[in-house]
Amino acid sequence: MLLFKFGEVEHLRALQTGTVYLSPWQYFKTCENKAERDAYEGTREWLNPTISSIEVAGHKFTATGGTMSMSLSYPDSQTKIFSASELRSDRDRVTGPIFDPRLLRHGSHLLVMRNAAQFIEQLRTALKTLCDQNIVEGAATAFVTYFDKNTYDGEVGPFRKTMDLSYEKEWRLVLRTVAMDEEPFILEIGSIESISTLMETKEFRNRVERHDDGSIHITI
């Protein structure tokens, strides 16, 4: 697995030297950068009336006349998120671009984490220290899974997003802080310069070699 972080060069240089910025969960719902905005961030439950019974103030909602769903969300000032895009060997990427062109809207540069396992280990080491200091309550990493908002019914949380965002192929670090605030959380994990490569996004295409058997080779 490789992890890719798109952004502006100064932000990615900070990450490469070991400074990880985690944004508040609600930030992604209203942020100025349209490429990062998601109206459903912070959603806890997705309710589909064809499966669940939805009743508000004595009025029961139904799907008569078409598909309808509702979501349940509320402010959360303790959950902070770092995200990246991922490339796994078990994914079918033999045709078309490696990344959806919409990802390029996140910034002019790209940081490739060649050793994702080492990156994650450095995250865990730093987070363990913060947990011991009672600064962080806990943390988790996972690939985001995507659901059809017309048929899904159930829990959402920070590791599920709607299918229209599946092109992001997102991997997330989600932590819960002890303090309640709307500020980004800054996590220092030590340099990852030895396991990462910073480049312009337009340069990445020159690093990809496709073989006749459908496999790809990335030189980084």
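Explain nothing, just compute: Karplus ³J(HN,Hα) = 6.51 cos²θ - 1.76 cosθ + 1.60, θ = phi - 60°, for every residue of segment 121-132 in order, whole Hz, x for Gly and Pro.
Listing the rounded values in order: 5, 5, 4, 5, 4, 5, 5, 4, 4, 5, 5, 4 Hz.
Say the cut-off is 20 Å between C-alpha atoms; which of 80/128; 29/169; 5/169; 5/202; 5/149; 29/161 go over it? Before the final figure, lay out the partial values.
Numbers: 80/128 16 Å; 29/169 18 Å; 5/169 11 Å; 5/202 14 Å; 5/149 27 Å; 29/161 12 Å.
Exceeds cut-off: 5/149.
Using a Förster radius of 25 Å, what is the FRET efficiency between residue 199 and residue 145 based on their Cβ-Cβ separation? Nearest 0.05, please.
It comes to 0.30.
At a 10 angstrom cut-off on C-beta neighbours, averaged per residue, how do the peptides 23-30, 162-169, 138-145 rank from highest to lowest?
23-30, 162-169, 138-145
Cβ under 9 Å from residue 18's Cβ, residue 18 left aside: what net charge do those residues give with Lys, Arg +1 and Asp, Glu -1?
Numbers: positive: none; negative: 188, 193.
For residues surrounding residue 18, the net value is -2.
Every number in this text was worked out from the coordinates using simple rules, so none of it is lab data. Here the structure is a predicted model, which means the values were calculated and not measured. Here Cβ is always computed from backbone atoms with ideal geometry, including for glycine, and neighbour counts include all displayed protein chains.
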